[in-house]
Amino acid sequence: MRRNKITTIATAVTGSLALAATLTACGGSSSASDEKTVTVYSADGLKGENGDGWYDRVFKDFEKETGIKVKYVEGGSGEMVQRAAREKSNTQADVLVTLPPFIQQADNKGLLQSYEPAGSDKVNGADKSGDGKWTSVVNNYFSFVYNKKELKEAPKTWEELLDGKFKDKLQYSTPGVAGDGTAVVIKAMHDFGGEEQAMAYLKQLQANNVGPSSSTSKLAPKVDKGEILVANGDVQMNFAQSKSMPNLGIWFPAKEGGKPTTFALPYAAGLVNGAPHTENGKKLLDHLLSEKAQQQVSEIGGGFSARTDVKATDANAIELAKILAGVEVFEPDWKDIDTNLQKYIDSWKSATGS
């Protein structure tokens, strides 16, 4: 669950309703009027609020090169998977983009079909499925943000967030609904040494938590304005947002006495099973992994290229490397998380009373 590549909720909802009406009218199948379209369901963060995001650039280039119009719907990772699952008998999306573990969840629900985009051979094995069901298109890392104006320095530890000064000044997106919200639980379990310890901490933290948020991208503006002081996010989204939000700072919590940690949280894309415009979906996936689009990931999107052969040297890439300096990157057990995700979410709900 990204960098001022956020779409306002009003725009997302309006676009979703308009798309639903259009697809209902055509019964969700291709016709002469819509065969030059491709519909993308995506986690938020890659589209710009002002038309300056990575999606904005690559979609525009794709439409110019192919004549295929991109219809875009965004929301939290879990929200997008749930929507695609509800529409399984009348599929409307062609391409699905979510953060883990929701891309694996989509696969388990039978929502994805195998397709290996051109350039996917340059993506690390850990960043794609072995059967071609999905591949990362933008690499990314989990992070938190803080208000640099109100706080002299970033908090260093999870424990600091329990301080009374963060009462009603802290918020994180909802685990199980938003990818970055689920990441809060994953990182806490790692840092505190297990499910029980993490839930005990999150139960304490709930005293300062403002409340649920289905989308992570709308939290950063609240931090920038000082409405809240701390929120969760991810490096790509928050870095991009910081370009127009001067009070936004990125940080990584550590357990008291430990090192700051993070983990890879890539945007992973897959071709939807039974997609109404399968060939157009394939063309878009090829475009997203093209060398040109991948070169723009850091330059425009503030993220990290998914292709190992694309070495970004732009100013953003240099800044991003500095942000991650000294931060320990761990690899979650995605198989365990995929298997036990609902259990962990239920534990979080029980601990926090959510």
| remark: Among (1) surrounded by 18 or more Cβ atoms within 10 Å (Cβ to Cβ); (2) closer than 16 Å to Ser354 by Cβ; (3) modelled with pLDDT of 95 or more; (4) among the small types (Gly, Ala, Ser), Ala200 falls short only on (1)
| message | Within segment 81-95, does at least one residue satisfy the condition of being under 21 Å from Ile300 (Cβ atoms) and either β-branched (Val, Ile, Thr) or not in a strand (DSSP E or B) (or both)? | response | yes
| said: For the structure I just gave you, tell me whether Ser244 is in a helix (DSSP H, G or I), surrounded by fewer than 20 Cβ atoms within 10 Å (Cβ to Cβ), small (Gly, Ala, Ser) and not assigned by TED's automatic domain parsing to the domain that holds Ser120. | reply: no
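Among the residues of segment 305-312, is there at least one that is out of contact with any His (no Cβ under 7 Å at 6 or more places or on another chain) and closer than 20 Å to Val70 by Cβ?
yes
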| request: Find the residue count for segment 253-272, including only residues that are crowded, with 17+ Cβ neighbours inside 10 Å and more than 17 Å from the chain's Cα centre (by Cα). | output: 7
| Say we look at segment 304-342 and pick out the residues that are part of a helix (DSSP H, G or I) and among the polar types (S, T, N, Q); which of these is surrounded by the fewest Cβ atoms within 10 Å (Cβ to Cβ)? | Gln342
| message | Just to check your reading of the model, which residue among Ala220, Ala275, Ala231 is buried (at least 23 other Cβ atoms within 10 Å of the Cβ), in contact with a helix residue (DSSP H, G or I) (Cβ under 6 Å, 6 or more places away or on another chain) and assigned to a loop (DSSP other than H, G, I, E, B)? | response | Ala275
| request: For segment 257-311, enumerate the residues that are of a type in the set (Asp, Glu) and closer than 23 Å to Ala126 by Cα. | output: Asp286, Glu291, Asp309
| Where a residue in segment 299-325 is among the basic types (Lys, Arg) and its partner, wherever it lies, is surrounded by fewer than 23 Cβ atoms within 10 Å (Cβ to Cβ) and in a strand (DSSP E or B), with Cβ under 6 Å and at least six apart | none
| request: Go through segment 288-303 and count every residue that is touching a helix residue (DSSP H, G or I) at 6+ places or on another chain (Cβ under 7 Å), crowded, with 23+ Cβ neighbours inside 10 Å and either assigned to a helix (DSSP H, G or I) or at pLDDT below 95 (or both). | output: 8
| field | Meets criteria (within 19 Å of the chain's Cα centre (by Cα), acidic (Asp, Glu), assigned to a helix (DSSP H, G or I) and farther than 30 Å from Thr66 by Cα) for Asp346 | value | no
| query | Which residues, counting only those in segment 243-268, are modelled with pLDDT under 95 and out of contact with any helix residue (DSSP H, G or I) (no Cβ under 7 Å at 6 or more places or on another chain)? | reply | Lys243, Ser244, Ala264
| So which of Tyr41, Tyr55 is buried (at least 24 other Cβ atoms within 10 Å of the Cβ), of a type in the set (Phe, Trp, Tyr), assigned to a strand (DSSP E or B) and at pLDDT 95 or above? | Tyr41
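The values are calculated or read from the model by the stated rules, or taken from the named source; none is laboratory data. Values in this document were obtained by computation on a predicted structure and should not be read as measured data. We place every Cβ from the backbone using ideal geometry, glycine too, and count neighbours over all the protein chains shown.
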